[in-house]
Amino acid sequence: QGPLLQAHRHSQGPPGATMGKAEDAAKQIKKGAGSREVKKRTKVHFYKPKTLKLARKPKYNSKATVGLQKMDKHRIIKYPLTTESAMKKIEDNNTLVFIVDVTANKRQIKDAVSQMHDIQCQKVNTLIRPDGQKKAYVRLTQDYDALDVANRIGII
């Protein structure tokens with residue numbers, strides 16, 4: 001019993017066992033080893049993956065009531081000015097003078113004046129006074145007289 005005989009004895013197994021290995025090897029050769037494309041990395045740092053972010057479904061509202069509109073016509077126009085220079089503007093230039101909210105823009109002022117006093121505005125000029133309040137000069141159209149409107153509002 002030399003080494004050659006022992007090797008021969010080990011190579012023999014159950015019939016068909018070696019055939020199965022040979023078939024597997026042939027299939028593997030036919031299929032190919034397969035290669036994976038390596039991902040190109042453009043940054044030197046690794047980052048956490050962006051995970052799924054679900055929409056919130058609260059059991060109850062964080063606010064109990066619906067918020068009111070922040071800039072309504074009563075907040076935009078605070079009060080009319082009744083100074084001498086404002087009266088001169090009413091008489092000479094057909095213009096009403098109001099103190100308005102600092103954050104209000106000219107379109108909002110124009111809409112608020114027309115809604116509150118039922119008048120048409122030709123244009124609005126604004127300035128911010130040294131005390132921090134915004135003053136609006138509201139020029140009325142030819143159809144309306146500023147004196148009549150001022151009487152109706154209660155300025156004069």
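Taking a straight Cα-Cα cut-off under 19 Å and skipping sequence neighbours fewer than 8 places away in the same chain, the aspartates and glutamates within cross-link reach of K31 are E23.
Which listed residue (I76, L52, L140) has the Cα farthest towards the positive end of the charge dipole for the chain, taking +1 on Lys and Arg C-beta and -1 on Asp and Glu C-beta about the Cα centre? The listed residue farthest towards the positive side: L52. Pairs from the table (K78/K110; K63/K134; K70/K135) lying more than 23 angstrom apart at Cα are K63/K134. Per-residue Karplus couplings for region 119-134, computed as 6.51 cos²θ - 1.76 cosθ + 1.60 with θ equal to phi - 60°, are listed in order as 9, 9, 9, 7, 7, 10, 10, 10, 8, 9, 6, x, 7, x, 8, 9 Hz, Gly and Pro entered as x. Our estimate of slack between D92 and R139, defined as 0.36 nm per intervening residue step minus the Cα-Cα distance, is 15.8 nm.
Relative to the current alpha-carbon distance between F46 and V66, full extension at 0.36 nm per residue lengthens the span by 2.8 nm. Remark on region 15-156: ratio of C-alpha radius of gyration to 2.2 N^0.38 Å is 2.60. Summary value for the chain: 18 percent relative contact order, contacts being C-alpha pairs under 8 angstrom separated by 6+ residues. Annotation note: trypsin sites (Lys or Arg not before Pro) in region 36-113 located in DSSP loop regions with a Cβ neighbour count of at most 11 within 10 Å are R36, K39, K40, R41, K43, K50, K53, R56, K59, K63, K70.
With Cα atoms defining each centre, region 122-156 and region 20-65 are spaced 67 Å apart in the structure.
Taken together, the values in this text are just the output of simple stated rules run on the coordinates, not laboratory data. Not measured: the values here are computed from a predicted model. Every residue, glycine as well, gets a Cβ built from its backbone with ideal geometry; the counts of neighbours run over all protein chains shown.
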